[in-house]
Amino acid sequence: MNKTDLNLIIENYLRNPFRSFGLSLLIALLASVLLVGGLLSFSLSKGLNRLSSRLGADVIVIPQGSEINDQTVLLQGDSKYAYLPQGSLEFIRGLDGVEIATPQYFLTTLSSSCCDQKVLIIGFEPASDFVIQPWIHEVLTDKLPKGAIVVGSDISVGEKRTVRFFDHEYPVAATLEPVGNKLDQAVFVDVATLADIREAAKAKGVIFLHQDVKSEGSDSPIYSSVLIKLRAGADIERLSREIHTRFDGVQIRTRKDLFSGLEKSANFLQIVVWSIVALFLMIAVAAIVISFSLSTRERRREYALLRIVGYARKRLRTLVLGESLLVSAVGTYIGLLLSSVAFFTFKIWIGEHVNVPFIVPGNAEIAAVYAVVVLLLHSVGPLAVYGVANKVSKIDAYAALREVEH
Amino acid sequence: MILNVSNLYKTYIRRGEEFNAVDNVEFFAWSGDFSVIYGESGSGKSTLLSLLSGINRPSKGSVIFNGADFANLSDDAVSAVRNEKIGYIPQEAVFLPHFTVLENILLPKALRDGEKIEVRSIADVTDVDIASALETLGIAHLVHEMPAELSGGELKRAAIARALVNKPEVVIADEPTSNLDETNAKIVFDLLAELAHSGTSVIVATHDPRGFRYGDRIYTMHKGRLLPSAESDFGGL
């Protein structure tokens, strides 16, 4: 393709602005849904993988009959108050097949100085914890200092690197890598620090109702959940039966149960997204084919003229393909620009509303998504009009001129 | 000999029956020749010219241009010959509607040189012969207009200028004086004669009897057959 061809292609694009920009806008929409779909897909997949690698536990025991839902509490980090029956941790630890059982405590504060929203405080028992401390060790090689806290990736800690709860400043020892759900807005503390926070709350007149009321008069503490790592070959069904026989009001969820629900949600989202992409693709291809067919029919005289002055058939085909490439390219870049602004502006909002773990992919993955979208969409126009371009290249210039004559 | 045509046929199917629009034509042209082909509408002369220019492929026979048989050349090669060596003037003046008349005239040159079509000013046209042809054809003042703003006669003259822009070895003109008044028809024939005089081979298909006096060789086309002047009714004109 030389300057003459390029000149003709650009001129033909500009001379029918309504048609050209209309088609480009369609491609722009397609680029937008493809880009957002690709990024969403990567984000969901990355979120699930990260969460799966972090969960660590084979079985989770949580309260039943409360508003607590296994996925929202343990995976999404949502915080409703409900606690396991007293003595449940000790009982579970004594069961056959249990390698480690560790408790977790959830508290929710009103907005603290760090955040505009409620902060979930997750307390863990350092001696038995096998879930949270490995995450902490990814960013903090030393032991968690006494009274210090670790925060999720979305919590802003400022220059002082402290978070304020109930008029007390707590030093932040580390910020965790994102998980892609509300755990990114959580604070992780050991049980001793959790007790401090609870005392500070009491001093301010805030009472964590269930926790305090239920623990009154009992040496046995209560927990929000117990996470279990099983020995190899352990019988989960038997374990579950034994817990249910001993305690009412508990739910037992295996790692597989928890993730199958999330995977279903993520898969459903992906199906919706890719269905929209397919729909737009079909509409765009149909519109391009129809538009180019009509346009080339109207321009038979021009193609005949180009043949007369020495355009080879191949070059006529290149002209038509070039026009479709220009339509695609303009649309692709408009679409990428607009959808990039939208996606990266609203990524946190999207992450909060998709209701499954969501982590925006790294730069290399983002670049790959952009490259695929650019390559794919640059080829949509030319592939769609290839048949039309072939027809134009076979135009009978002599007949086309005679049609004009008569 | 620049053009050697032998045993040439172009066969079409009409209402289920074959007919020869061009029927066993023998034709030769030399540099500096002015050949005139006379024929009624539908006699096959436009079809013959399209075969001579390589726009159309014959059903049978050969068109040999400067020793190269079009049948043995690729479409790219024939197209390049048409661009550089053949100036074709179609019966109907066809133009790219969104380029100026000057840009349309310079289209074959832009194509040959791989340059942009857009031209800002006639001063960009450095070729004295083209500038002179535009003056001769009386359209120099119209070159910045858009094609839609020109009359049929003016467009016809612009199409003639376009055919000359690459200084072709052969000019093939299909009814070059249709839509032209007597004065302009004479200007066109004079210009074509001058081209022939300077060594270009000119082949004109026309109804216009005025053209006969310019022709070195006169042919008549009738039902697809090309008859030399000695065998035609018009040979003595």
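The values are calculated or read from the model by the stated rules, or taken from the named source; none is laboratory data. The shown structure was predicted, so the numbers you read here are calculated from the model rather than taken from an experiment. All Cβ positions, even for glycine, are placed from backbone atoms using ideal geometry, and neighbour counts span all protein chains on display. Ligands, DNA and RNA are stripped out before the accessible areas are found, and what is left, the full protein with its side chains, is counted by its heavy atoms. Shrake-Rupley method; radii C 1.70, N 1.55, O 1.52, S 1.80 Å.
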Practice item. Could you work out how far helix B:75-84 tilts from the main Cα principal axis of chain B, as a 0 to 90 degree angle to the nearest 10? Key: 60
Exercise for review: Compute the accessible area of each residue in the range A:1-41 twice, once for its chain alone and once with every protein chain present, using a 1.4 Å probe on heavy atoms, and list those whose area falls by at least 10 Å².
Suggested key: A:Asn2, A:Lys3, A:Thr4, A:Asn7, A:Leu8, A:Glu11, A:Arg15
Revision key, fill the gap. Along the range A:119-136, Karplus-curve 3J(HN,Hα) (6.51, -1.76, 1.60; θ = phi - 60°) to the nearest Hz, with x for Gly and Pro, reads 10, 8, 9, 10, x, 10, 9, x, 5, 10, 4, 10, 10, 7, 4, x, 5, 5
Check your understanding: Ordered by packing density, taken as the mean number of other Cβ atoms within 10 Å over each peptide's residues, highest first, how do A:94-106, B:178-190, B:96-108, A:296-308 rank?
Key -> B:96-108, A:296-308, A:94-106, B:178-190
Exercise for review: Pick out, from A:Ser224, A:Asn49, A:Ala371, the residue whose Cα sits farthest towards the positive end of the charge dipole of chain A, with +1 on the Cβ of Lys and Arg and -1 on the Cβ of Asp and Glu.
Suggested key: A:Ala371
Review point. Toward the positive end of the charge dipole of the protein assembly as shown, about the Cα centre and with charges on Cβ (Lys, Arg +1; Asp, Glu -1), which of A:Val330, A:Val189, A:Leu279 goes farthest?
Key: A:Leu279
Study note, to complete from the structure: 1/(1 + (r/R0)^6) with r = Cβ-Cβ of B:His197 and A:Met1, R0 = 35 Å, i.e. FRET efficiency to nearest 0.05, evaluates to 0.30
Review point. Which of B:Ala68, B:Phe19, A:Val61 sits closest to the plus end of the dipole of the protein assembly as shown, meaning its Cα is farthest towards the positive end, when Lys and Arg get +1 and Asp and Glu get -1 on the C-beta?
Key: B:Phe19
Exercise for review: For peptide B:102-112, compute the average count of partner chain beta-carbon atoms within 10 Å of each residue's beta-carbon.
Suggested key: 3
Revision key, fill the gap. For chain B, longest principal axis from Cα atoms; helix B:152-164 axis from its Cα atoms; angle between them, nearest 10 degrees, is 80
Practice item. Treating cross-link reach as a plain straight distance, find the lysines whose alpha-carbon is under 25 Å from the alpha-carbon of A:Lys202, omitting any fewer than eight places away in the same chain. Key: A:Lys80, A:Lys118, A:Lys146, A:Lys214
Practice item. Measure nothing but the geometry: give the 0 to 90° angle between the long axis through the Cα atoms of A:236-246 and the longest principal axis through the Cα atoms of chain A, rounded to 10°. Key: 40
**Study point:** Rounded percent of accessible protein surface that carbon and sulfur make up, the protein assembly as shown, 1.4 Å probe
**Key:** 55
Check your understanding: To the nearest 100 Å², how much accessible surface do chains B and A cover up together, summed over both, with a 1.4 Å probe?
Key -> 2800
Review point. Placing +1 at every Lys and Arg Cβ and -1 at every Asp and Glu Cβ, with all other atoms neutral, what dipole size does the range A:255-304 have around its Cα centre, in debye to the nearest 20?
Key: 140
Point to revise | Whole-Å distance, taken between Cα centres, linking the range A:328-345 and the range B:60-82 | key: 49
Study note, to complete from the structure: Sorted by chain and then number, the residues having a modelled amide H within less than 5 Å of the amide H of A:Asp190, at least 5 places away or on another chain, are A:Phe124
Check your understanding: Using a simple charge model, +1 on the beta-carbon of Lys and Arg, -1 on the beta-carbon of Asp and Glu, nothing else, what dipole does chain A show about its Cα centre, in debye to the nearest 20?
Key -> 2300
Exercise for review: With runs of 4+ DSSP H residues as the only contributors, calculate the mean residue ellipticity of chain A at 222 nm using -39,500 (n - 2.57) per run, divided by the residue total and rounded to the nearest 500.
Suggested key: -19000 deg cm²/dmol
Revision key, fill the gap. With label points set 7 Å from each Cα along the Cα-to-Cβ direction at A:Glu365 and A:Ile290, the distance between them in nm comes to 3.9
Exercise for review: Would you mind pulling out the separation of the Cα centroids of the range B:84-104 and the range A:225-245, in Å?
Suggested key: 87
Exercise for review: Sort the following peptides by mean Cβ neighbour count (other Cβ atoms within 10 Å, averaged over residues), highest first: B:138-151, A:310-323, A:337-350.
Suggested key: A:310-323, B:138-151, A:337-350
Point to revise | Alpha carbon centroid spacing (whole Å) that separates the range B:163-195 from the range A:270-323 | key: 37
Practice item. Name the aspartates and glutamates eligible as straight-distance cross-link partners of B:Lys85: C-alpha to C-alpha under 19 Å, and not fewer than 8 places from it in the same chain. Key: B:Asp33, B:Asp69, B:Asp75, B:Asp76, B:Asp113, B:Glu115, B:Asp127, B:Asp129, B:Glu169, B:Asp174, B:Glu194
Check your understanding: From the cross-link list B:Lys10/B:Lys116; A:Lys394/B:Lys60; A:Lys204/A:Lys256; A:Lys314/B:Lys186; A:Lys182/A:Lys264, which pairs have alpha carbons spaced over 31 Å apart?
Key -> B:Lys10/B:Lys116; A:Lys204/A:Lys256; A:Lys314/B:Lys186
Check your understanding: Given H placed 1.01 Å from N in the peptide plane, which residues other than close sequence neighbours of B:Ala173 have an amide H under 5 Å from its amide H?
Key -> B:Ile89, B:Ile203, B:Val204, B:Ala205
Practice item. Might you report the magnitude of the Cβ-based charge dipole of the range B:1-115 about its Cα centre, with Lys and Arg at +1 and Asp and Glu at -1, to the nearest 20 debye? Key: 160
Practice item. Leaving out ligands and nucleic acids, note down the accessible area per residue over the protein assembly as shown with a 1.4 angstrom probe, in whole Å². Key: 45
